[in-house]
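Structure, as structure tokens:
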Amino acid sequence: MNFRDIGTVFWRDWLVLKRRLTKFILSRTVAPLLYLTAFGWGLGRNVQLSSGTYLDFIVPGIMALNSMNMGFHGMIPIHAERVYHKSLEEYLLSPVSPSAFLIGKISGAVLKALISSLIIILTAEIFGANILLSGSMFVVLILNSIIFAEIGFFAAMKLSTYEEMAQVNTYVLLPMSFMCGTFFSTGALPEVVRFFVNCLPLTHTSQLLRSLCTGGIFMRDSFLILILYAAIGFYLGLKALKNFQED
Amino acid sequence: MIEVFNLTKKFKTVGKDKKISFKTAVDDISFSIERNEIFGLLGPNGAGKTTIIRMLTGQIKPTSGKIFYDGKIFDGNDPEIKKLPGVVPQHINFDRELNAAENLELHARLYGMEKSDYQNRIKELLDYMELSDYANYNVAKLSGGMKRRLLIARALVHRPKILFMDEPTVALDPQVRRKIWDLIKDLSKNGVTIVITTHYIEEAEKLCRRTAIIDKGKFIANDSPKNLCERLGNFTVECEGTEGKSYKFFRDRETAAKFVPEFSGNVKIRPTNLEDVFIELTGRRNGL
Ligand SMILES: Nc1ncnc2c1ncn2[C@@H]1O[C@H](COP(=O)(O)OP(=O)(O)OP(=O)(O)O)[C@@H](O)[C@H]1O
Ligand SMILES: [Mg+2]
């Protein structure tokens, strides 16, 4: 593995992002603004919680689902680069190793996730949420976006049409963004569903973030589960990239 | 420079009934490419030319067979070997998000070049390909021929030791094509090995020290254009009859001339060219 090669792959993504930074920031502000308005400000005023306000409850959830979306969506262009533009060939041809390529691409997605997380934090502050910022919180956000970037990468390498990519969004990401302890506690779910939901990475991210944002404990087990997901995701992504060479 | 032993590629294809079958694109070929030579790959559509290039450059893995670069086995991963080739692909595969110059810069960086080195190099290449005015154009907005010129420029950025060109002159106007020919000869003089596929037989005849003729994934000939013609017969009798043209080949003009009076109709004696060899070996054209 080679840091310089990782840097090159990242440089390309940064070059593209830089050009649209304003547009990117504006577009990333819309969703959290709506969530915060609808659920935090609108609905939240009528919701009673044992501790804190509903707004404080959902901000970590929104950060979790946002970093999921940003991780995944950061990898979607790779699908077109592989299937339509064939520009992925440049990387396969070059001396850059598959792992350097994958890490470079993940870094690009993580950067987007971090920028949009900052936007959410700022917006939430404006709405008057009480959130405790910490280094661990950012580590969890990064980890979550890595996991979903890997899932996005895997999908981009394996699926044959763009419609299928969109279906992953509809059938996997969208349900998760509502079910995984983001807008309500998983404790409210029926036991069978809860068991299943508790296996999903986003659930652990939401709970971890919520605990951190409210000054609670660092949930080590959840953190280890996220690490495990990230490791498996990396392995699968790398394998998909290498299989692509086998044709 | 490159030695290839028993190279085979079978593509997995999934049919309509979801049945998996294998398509043999390259079928057990062995050959070598000498340092500094211009080696031509000729063959009809689907013969396996592109597949060979993709295997030699590590873009796809062979089903079986071995590839050696300078005596060192190549498994498709070794970064030191991967630095040697430059590839002009058959299809346009630029990064659509980047402009012309940025595409070259990405290439330079992927090959580990220093900024001080690649900045000038990119400028030179854009100049040479007459693309300087388009450096900041989005690649999607370049004309077809400009894109092809940019593909060639990109392949040259890292100063490859061996250049694979998969139909590099498709869609280029005659002047530019000639310029590319000069470039190829120049590169060859400067020690670059060149492997070129083309459907313009004239191109292979003009440039190549050796040409391999491929059909259905197999080499059916591999020799200098001159020897290939000689083997077929240096002179061709071309006869235009009611059922189209038919041909017969002769060792020399005299024997050919003796043969001609037997025919009525439009008969012509001319030197055999590579196209005759190509069609004779791969096609099913009428014999006399
Ligand atoms: N990825 C692939 N999957 C399945 N079959 C493939 C694949 N790539 C090529 N083939 C098949 O392999 C054979 C050789 O293809 P290849 O592209 O190497 O031909 P070619 O000689 O370059 O042809 P052309 O002159 O048209 O460029 C063809 O029959 C093609 O259909
Ligand atoms: Mg081809």
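The values are calculated or read from the model by the stated rules, or taken from the named source; none is laboratory data. All values derive from a computational prediction rather than experimental measurement. Positions of Cβ are generated from backbone atoms using ideal geometry, with glycine treated the same way; all protein chains shown enter the neighbour counts.
Among the residues of segment A:67-89, is any touching a strand residue (DSSP E or B) at 6+ places or on another chain (Cβ under 9 Å) and either of a type in the set (D, E, K, R) or under 23 Å from A:THR203 (Cα atoms) (or both)? Spell out how you get there, then give the answer.
Residues of segment A:67-89 touching a strand residue (DSSP E or B) at 6+ places or on another chain (Cβ under 9 Å): A:89.
From what's left, either of a type in the set (D, E, K, R) or under 23 Å from A:THR203 (Cα atoms) (or both): A:89.
Yes.
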* Given segment B:214-288, what strands (runs of 3 or more DSSP E) lie entirely inside it while holding 2 or more residues that are modelled with pLDDT of 80 or more and farther than 14 Å from B:LEU42 by Cβ? -> B:235-241, B:244-250, B:266-271
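Quick one: is A:LEU36 more than 13 Å from every other protein chain (Cβ to nearest Cβ), aliphatic (A, V, I, L, M) and assigned to a helix (DSSP H, G or I)? Outline the logic, then answer.
On the way: more than 13 Å from every other protein chain (Cβ to nearest Cβ): yes; aliphatic (A, V, I, L, M): yes; assigned to a helix (DSSP H, G or I): yes.
So A:LEU36 fits the description; yes.
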* Criterion: in a helix (DSSP H, G or I), at pLDDT 95 or above and either away from chain B (no Cβ under 14 Å) or in contact with a Phe, Trp or Tyr (Cβ under 7 Å, 6 or more places away or on another chain) (or both) - qualifying residue of A:LEU102, A:LEU55, A:LEU65, A:LEU26 -> A:LEU102
* Evaluate segment B:114-131: report whether one residue or more is surrounded by 15 or more Cβ atoms within 10 Å (Cβ to Cβ), of a type outside the set (S, T, N, Q), farther than 21 Å from A:VAL16 by Cβ and within 16 Å of ligand 2 (Cβ to nearest atom). => no
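Take segment B:132-176 and flag every residue that is of a type in the set (Gly, Ala, Ser), surrounded by fewer than 21 Cβ atoms within 10 Å (Cβ to Cβ) and more than 16 Å from ligand 1 (Cβ to nearest atom).
Our first condition is that a residue be of a type in the set (Gly, Ala, Ser); within segment B:132-176, this holds for B:132, B:135, B:140, B:143-145, B:153, B:155, B:171.
When the remaining residues are screened for being surrounded by fewer than 21 Cβ atoms within 10 Å (Cβ to Cβ), the result is B:132, B:135, B:140, B:143-145, B:171.
Once the filter is applied, which keeps residues that are of a type in the set (Gly, Ala, Ser), surrounded by fewer than 21 Cβ atoms within 10 Å (Cβ to Cβ) and more than 16 Å from ligand 1 (Cβ to nearest atom), segment B:132-176 yields B:SER132, B:ALA135, B:ALA140, B:SER143, B:GLY144, B:GLY145.
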* Only listed residue being touching an Asp or Glu at 6+ places or on another chain (Cβ under 6 Å), assigned by TED's automatic domain parsing to the domain that holds B:ASP186 and within 16 Å of ligand 1 (Cβ to nearest atom), chosen from B:ILE52, B:ILE60 -> B:ILE60
* Pairs with Cβ under 7 Å, 6+ apart, first in segment B:24-52 and under 9 Å from B:THR197 (Cβ atoms) and modelled with pLDDT under 95, second among the basic types (Lys, Arg) and near ligand 1 (Cβ under 6 Å from one of its atoms) -> B:LEU41/B:LYS49; B:GLY43/B:LYS49
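Is it fair to say B:ALA108 is away from ligand 2 (no atom under 16 Å from the Cβ), over 22 Å from B:SER188 (Cα atoms) and not assigned by TED's automatic domain parsing to the domain that holds B:ILE184? So that I can check it myself, show each step before the final result.
Values: away from ligand 2 (no atom under 16 Å from the Cβ): yes; over 22 Å from B:SER188 (Cα atoms): no; not assigned by TED's automatic domain parsing to the domain that holds B:ILE184: yes.
Taking the combined requirement at face value, the residue does not satisfy it.
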* **Index of the failed condition, A:SER160 passing every other in (1) part of a helix (DSSP H, G or I); (2) closer than 30 Å to A:LEU92 by Cα; (3) not charged (D, E, K, R)** => (1)
* Asked: When you scan segment A:138-173, how many residues do you find that are under 15 Å from A:SER206 (Cα atoms) and either modelled with pLDDT under 95 or of a type in the set (S, T, N, Q) (or both)?
  -> 3
* Given the residues B:GLY71, B:GLY15, B:GLY76, B:GLY65, which is the only one that is more than 10 Å from ligand 1 (Cβ to nearest atom) and at pLDDT 95 or above? -> B:GLY65
